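Please read the structure below before turning to the comments.
The values are calculated or read from the model by the stated rules, or taken from the named source; none is laboratory data. The structure displayed is predicted, hence computed values, not measured ones. Cβ: placed from backbone, ideal geometry, glycine included. Neighbour counts: every protein chain shown.
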Amino acid sequence: MQLRYSFRIDPTPGQRIALAKAFGCARVVFNDALALRDHAHKQGLPFITDAELSRTVITQAKQRPERAWLGEVSAVVLQQALSDCTTAFRNFFASIQGQRKGPKLGPPRFRSRKDNRQAIRFTKNARFAVTACGKLRLPKIGDVPVRWSRELPAPPSSVTIIKDAADRYFAGFVVEVREQPLPAAPAETGIDLGLGHFAVLADGRKIDSPRFLRRAEKKLKKLQKALSRKQKGSSNRAKARGKVARQHAKVADARREFHHRTSTHVIRENQAIYVEDLAVQGLARTRLAKSVHDAGWSAFVRMLEYKAKLYGRQFARIGRFFPSSKLCSACGTLVETMPLNVREWSCPCGAIHDRDVNAAINILAAGRAERQNACGGPVRPPLAAARADEAGSRGSAAA
């Protein structure tokens, strides 16, 4: 499987200028390619191929005076920008044809130089390298210092240079990693995600929600108020915008670190992990939107999924319509309604349930029921039509 290893880099002032040129050239090539394909579509012409597009917006464009500066950056960066444009169109076509899962995608949009995130990609054809002294050598940019936090497990196939809204630079290496199975663990768990507690495990453990955004709201409010008072287009406004972006980056980094630590701990302790498939997009349109985004459930579940695959664990999502909270884990009784303010409830069988712990236990039971057996089939046999000799009712012994 492929993983991305991201490291902070510290380009010099001259290298920052070279990176800015590369960001701009990649953006222009992407926009030129998008404009040509949009024009061909409006004129009823065939879809422009990648080869013809490369010849028009790169090779021939470099010979024109208004695009001669495209030759100042690596050609691989420009080719990858064209590849991104093609991928965007393919995803759009697959979405409108129903061949792509998830929400419908719109057509590709033009990139802006004012976007908070800028990125370029180098592949092996660019001959980037990590030098003996630990610097990242990029064509037409130079040797960039890297803050290595760990070693790469294998030679990278590509590297993406990213500049975020807080003016920080990162290098993301794509590496092919083999599965590293951990010793078998005897435990299995179901996880109920929530807002009161970030996660509740089937064994009764509750992981508190750090609420990183809520804790930083006071400082963010002060910084955003200062930003709103600055004149648009002024250097003071740019400085104030940077302060707001850096504060948001701190919140995002802290949340990501919490997700990594928690997901790794869960994976190491359990052989199988089952999580309820929450409708995060729907919850994000309610009055709980800020708390839902602050929790970051989707990012946490994605970490669990890829780490389970990497370390040889079992992972499954339980359908979002499964009544995990309303189902008694002791006798299987289903309660008709259960408002969110009900945190504990009693079943007619006499069992007293904590709402979240009961939901986690039910998620674990549902995951075990749907798990495949050693032969590759589900534990529960699927429904099938009866054979001709089995149809109808049998006569009684007295008949």
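Points worth noting:
- Of the residues making up region 1-45, those that are among the β-branched types (Val, Ile, Thr) and assigned to a helix (DSSP H, G or I) are 17, 28, 29.
- Yes/no for residue 49 being assigned by TED's automatic domain parsing to the domain that holds residue 159, within 21 Å of the chain's Cα centre (by Cα) and among the β-branched types (Val, Ile, Thr): no
- Candidates 230, 218, 239, 243 - the one that is charged (D, E, K, R) and outside any helix (DSSP H, G or I): 230
- Selected residue [in the same structural domain as residue 346 (by TED's automatic domain parsing) and surrounded by fewer than 18 Cβ atoms within 10 Å (Cβ to Cβ)] from 272, 238, 316: 238
- Filtering region 120-140 to residues that are closer than 18 Å to residue 14 by Cβ and of a type outside the set (A, V, I, L, M, F, W, C) leaves 131, 135, 137, 139, 140.
- Residue tally, condition modelled with pLDDT under 95, more than 25 Å from residue 66 (Cα to Cα) and surrounded by 13 or more Cβ atoms within 10 Å (Cβ to Cβ), over region 6-46: 1
- Matching residues, region 232-274, being touching a residue at least 40 places away in the same chain (Cβ under 8 Å) and of a type in the set (Asp, Glu): 269
- Options 65, 103, 108; residue that is surrounded by fewer than 11 Cβ atoms within 10 Å (Cβ to Cβ) and in contact (Cβ under 8 Å) with a residue 60 or more places away in the chain: 103
- Residue 185 vs. criteria aliphatic (A, V, I, L, M), closer than 30 Å to residue 360 by Cα and in a loop (DSSP other than H, G, I, E, B): yes
- Boolean, residue 143 is assigned to a loop (DSSP other than H, G, I, E, B), of a type outside the set (Val, Ile, Thr) and closer than 16 Å to residue 18 by Cα: no
- Check on residue 160, touching a Leu at 6+ places or on another chain (Cβ under 6 Å) and either in a loop (DSSP other than H, G, I, E, B) or not small (Gly, Ala, Ser) (or both): no
- Region 341-356, subset in a loop (DSSP other than H, G, I, E, B) and small (Gly, Ala, Ser), residue farthest from residue 323 (Cα to Cα): 350
- Residue-level check: of (1) loosely packed, with under 15 Cβ neighbours inside 10 Å; (2) in contact with a helix residue (DSSP H, G or I) (Cβ under 6 Å, 6 or more places away or on another chain), residue 227 misses just (1).
- Count of region 68-82 residues which are surrounded by 17 or more Cβ atoms within 10 Å (Cβ to Cβ) and within 21 Å of residue 110 (Cα to Cα): 10
- Residues considered: 139, 155. Of these, the only one that is outside the structural domain of residue 306 (by TED's automatic domain parsing), surrounded by 16 or more Cβ atoms within 10 Å (Cβ to Cβ), over 21 Å from the mean Cα position of the chain (by Cα) and of a type outside the set (A, V, I, L, M, F, W, C) is 139.
Matching residues to (1) surrounded by 13 or more Cβ atoms within 10 Å (Cβ to Cβ); (2) not β-branched (Val, Ile, Thr); (3) not in a helix (DSSP H, G or I):
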{"position": "294", "(1), (2), (3)": "yes, yes, no"}
{"position": "304", "(1), (2), (3)": "yes, yes, no"}
{"position": "307", "(1), (2), (3)": "yes, yes, no"}
{"position": "325", "(1), (2), (3)": "yes, yes, yes"}
{"position": "330", "(1), (2), (3)": "yes, yes, yes"}
{"position": "336", "(1), (2), (3)": "no, yes, yes"}
{"position": "339", "(1), (2), (3)": "no, yes, yes"}
{"position": "360", "(1), (2), (3)": "yes, yes, no"}
{"position": "365", "(1), (2), (3)": "yes, yes, no"}
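- Residues of region 112-129 classified as of a type in the set (A, V, I, L, M, F, W, C) and closer than 13 Å to residue 26 by Cβ, total: 4
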